[in-house]
1. Applying the selection to region B:276-308, what residues are basic (Lys, Arg) and not in a helix (DSSP H, G or I)?
2. Taking the stated definitions as given, is A:Arg255 touching an Asp or Glu at 6+ places or on another chain (Cβ under 8 Å), within 10 Å of chain B (Cβ to nearest Cβ) and touching a residue at least 40 places away in the same chain (Cβ under 8 Å)?
3. Restricting the search to region A:45-69, which residues are in contact with a Leu (Cβ under 9 Å, 6 or more places away or on another chain) and surrounded by fewer than 16 Cβ atoms within 10 Å (Cβ to Cβ)?
4. Restricting to region A:165-194, count the residues that are aliphatic (A, V, I, L, M) and closer than 17 Å to A:Val239 by Cα.
5. Give me the residue from region A:198-230 that is within 25 Å of the chain's Cα centre (by Cα) and aliphatic (A, V, I, L, M) and, out of that set, farthest from B:Val20 (Cα to Cα).
6. In region B:54-75, what residues are assigned to a helix (DSSP H, G or I), more than 13 Å from B:Ala124 (Cα to Cα) and not hydrophobic (A, V, I, L, M, F, W, C)?
7. Exactly one condition in (1) surrounded by 20 or more Cβ atoms within 10 Å (Cβ to Cβ); (2) over 10 Å from B:Val238 (Cα atoms); (3) within 14 Å of chain A (Cβ to nearest Cβ) is false for B:Ala260; which is it?
Amino acid sequence: MKYFRLCCTVLCLWPGMLSAAPLERILALTPHACEMLYAIGASANIVGAVDYCDYPESATHLPRVGGYTGINVEAALRLHPDAAIVMNRNVKGITQLEKMGVKIISSNPVDFEAVFQDILRMGALTGHELKAKALVHKQRLSLERIRHFSNQFGADKIRVFYELWHDPIMTAGGPSFITALIKEAGGYNIFADVGLETPHVNVEAVIRAHPDIIIIPLEKRNLKERQVFWEHWLGKGNVRFAAINPDLLHRPGPRLIEGLELLQQALHDSSVLVQSRP
Amino acid sequence: MKWLLFGLTLLAVCVFGLAVGQQWINPFDASGQDAVILWELRLPRLLTAFAVGGLLALAGAWFQVLLGNPLAEPYVLGVAGSASAGAVSGLMLMPDSAWVMSIGAFIGAWVGIVCVMFFSHLGANRMLLAGVVLAAFWSAVLALLLALLPEQGLFRAFSWMMGDLSHSDLPVSLLLLAWVVALVCGLLLSRSLDVLLLGERHAEALGIDVKRLRQRLLLLASAVTALAVTAAGTIGFVGLVIPHLMRLLFGSLHRAVLPASAIGGGVLLMLADSAARTVIAPAELPVGILTAIIGVPVFLFLLLRRPT
């Protein structure tokens with residue numbers, strides 16, 4: 001009878017004990033989650049990652065379990081993960097991982113508040129609450145500072161063209177996070193009214209929108225070449241250029257605030273080129 | 001009378017294509033920024049659309065005679081597949097280069113053509129069969145390459161495959177010259193084509209060297225297709241339907257069908273591209289979608305109206 005009671009107690013407490021225990025073995029299946037875990041000191045909990053988890057440098061040495069085309073379920077299970085953090089549940093292999101008992105945690109922040117909440121959530125999940133809270137506090141202060149600066153200048157004055165890609169010319173539209181970032185930095189995305197996330201636009205549309213500055217996410221592209229191209233159409237001296245490492249702006253992780261700082265600097269500082277830190 | 005109307009349509013579409021866009025510009029009275037947009041951006045793009053559309057329609061007309069099949073079109077023998085595979089392999093080898101997709105597409109198209117040439121002596125049906133199988137092979141190669149392509153390249157690859165006139169690497173003058181040369185070659189062959197349409201035996205009985213004619217025709221049609229694909233990616237539908245449409249309007253003599261197709265294909269692609277850059281301006285749609293959306297209703301309407 002005694003044993004029976006003990007067993008019952010243990011069985012009743014078991015699920016509670018499970019959920020309270022920090023997750024020891026995590027698959028970071030999206031780069032921003034990987035960066036968040038590193039930033040809160042939980043890097044030791046990451047057992048595997050996807051191809052494009054490349055920051056910080058040591059993340060490149062993590063075992064790889066997939067890429068943008070999908071997750072290799074066998075490779076993932078061999079690492080005995082407790083949980084996997086994903087951006088999009090529809091990636092191939094995720095459902096199967098879930099069926100095999102891996103806890104799937106979705107993280108797809110679409111604004112700064114959501115980024116902060118996700119950092120806190122990961123702190124709670126891995127037992128690094130204190131460091132997560134400290135990081136979020138610091139980031140909130142930086143965001144306040146950036147917003148204060150933008151308000152001083154009066155937002156929407158600087159017209160920004162964000163050249164996501166040049167062949168064909170792609171940009172960020174209204175629903176895109178980039179448009180919100182440009183606004184936070186004190187600028188106005190010239191294609192903010194387009195209802196598509198990443199519209200294909202043409203040279204004519206850019207000429208008509210009269211951008212003050214063209215932001216070029218520098219990803220295997222030649223800045224000089226883009227400068228020559230746009231100066232031909234917009235006139236030399238009519239437009240400034242700035243290159244920013246796209247990982248800082250396209251990943252909703254702990255470095256986003258750094259990207260926003262660089263963006264603001266590029267918008268308000270008239271020195272032509274702002275190169276991001278590598 | 002028909003030709004006069006046709007010519008007027010061409011003129012009207014040219015003027016319309018220049019005038020529409022994100023903002024209306026009067027082509028007869030443009031200055032400053034409008035003039036730059038009109039003559040340096042819209043005009044070259046419009047002429048590229050005209051030449052590419054015309055070339056595709058000509059190639060379609062030739063393939064339909066060559067293969068004796070109304071469903072034939074410029075891409076039926078796998079040239080589009082091999083060109084796409086070539087473009088994507090170029091993108092894989094040198095992801096940073098601007099020209100690499102066009103060069104890759106051109107080489108790929110010719111690899112596809114050479115493969116088809118091996119089967120050109122087999123007669124229409126077998127050649128068609130070989131071409132369709134080759135097309136399946138190329139699309140498998142393309143799928144393999146796309147699976148291996150790094151993420152950044154995917155978008156570029158897809159937009160190329162859907163057809164895009166916004167950034168042609170080939171000079172407009174070259175395309176227009178090719179249009180003229182192709183049309184002249186086509187007209188020189190038009191009598192033989194009419195005879196070939198009656199059947200190979202009839203053609204041979206009338207003293208035509210069918211084998212040589214077929215080889216020439218295959219080379220000509222393929223070369224034209226390769227050029228069009230290199231300039232603008234794979235734009236579907238124009239090459240299939242324009243020749244049929246022109247036969248409905250002008251009868252089946254190639255003396256009339258070929259020039260009509262060369263112009264009609266150009267007109268359709270100019271219209272489609274004008275719509276592509278206007279409908280959701282300042283954003284753009286892929287032009288390949290619009291060729292079908294504009295062309296299908298017109299074609300079906302004529303099909304119902306005209307007796308067979």
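1. Within region B:276-308, the subset basic (Lys, Arg) is B:277, B:305-306.
Once the filter is applied, which keeps residues that are basic (Lys, Arg) and not in a helix (DSSP H, G or I), region B:276-308 yields B:Arg277, B:Arg306.
2. no
3. Those that are in contact with a Leu (Cβ under 9 Å, 6 or more places away or on another chain) and surrounded by fewer than 16 Cβ atoms within 10 Å (Cβ to Cβ): A:Pro63, A:Tyr68.
4. So the count comes out to 2.
5. In this case the residue turns out to be A:Leu218.
6. So in region B:54-75, the residues assigned to a helix (DSSP H, G or I) come out as B:54-66.
Checking which are more than 13 Å from B:Ala124 (Cα to Cα) leaves us with B:54-61.
Once the filter is applied, which keeps residues that are assigned to a helix (DSSP H, G or I), more than 13 Å from B:Ala124 (Cα to Cα) and not hydrophobic (A, V, I, L, M, F, W, C), region B:54-75 yields B:Gly54, B:Gly60.
7. Going through the list (1) surrounded by 20 or more Cβ atoms within 10 Å (Cβ to Cβ); (2) over 10 Å from B:Val238 (Cα atoms); (3) within 14 Å of chain A (Cβ to nearest Cβ), B:Ala260 breaks only (3).
Conditions tested, residue by residue: (1) in contact (Cβ under 8 Å) with a residue 12 or more places away in the chain; (2) in a loop (DSSP other than H, G, I, E, B); (3) among the hydrophobic types (A, V, I, L, M, F, W, C).
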residue: B:Gly17; (1), (2), (3): yes, no, no
residue: B:Gln22; (1), (2), (3): yes, yes, no
residue: B:Asn26; (1), (2), (3): no, yes, no
residue: B:Asp29; (1), (2), (3): no, yes, no
residue: B:Glu40; (1), (2), (3): no, no, no
residue: B:Pro44; (1), (2), (3): yes, no, no
residue: B:Ala49; (1), (2), (3): yes, no, yes
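The values are calculated or read from the model by the stated rules, or taken from the named source; none is laboratory data. Computed from a predicted model, the values in this text were never measured in an experiment. Cβ: placed from backbone, ideal geometry, glycine included. Neighbour counts: every protein chain shown.
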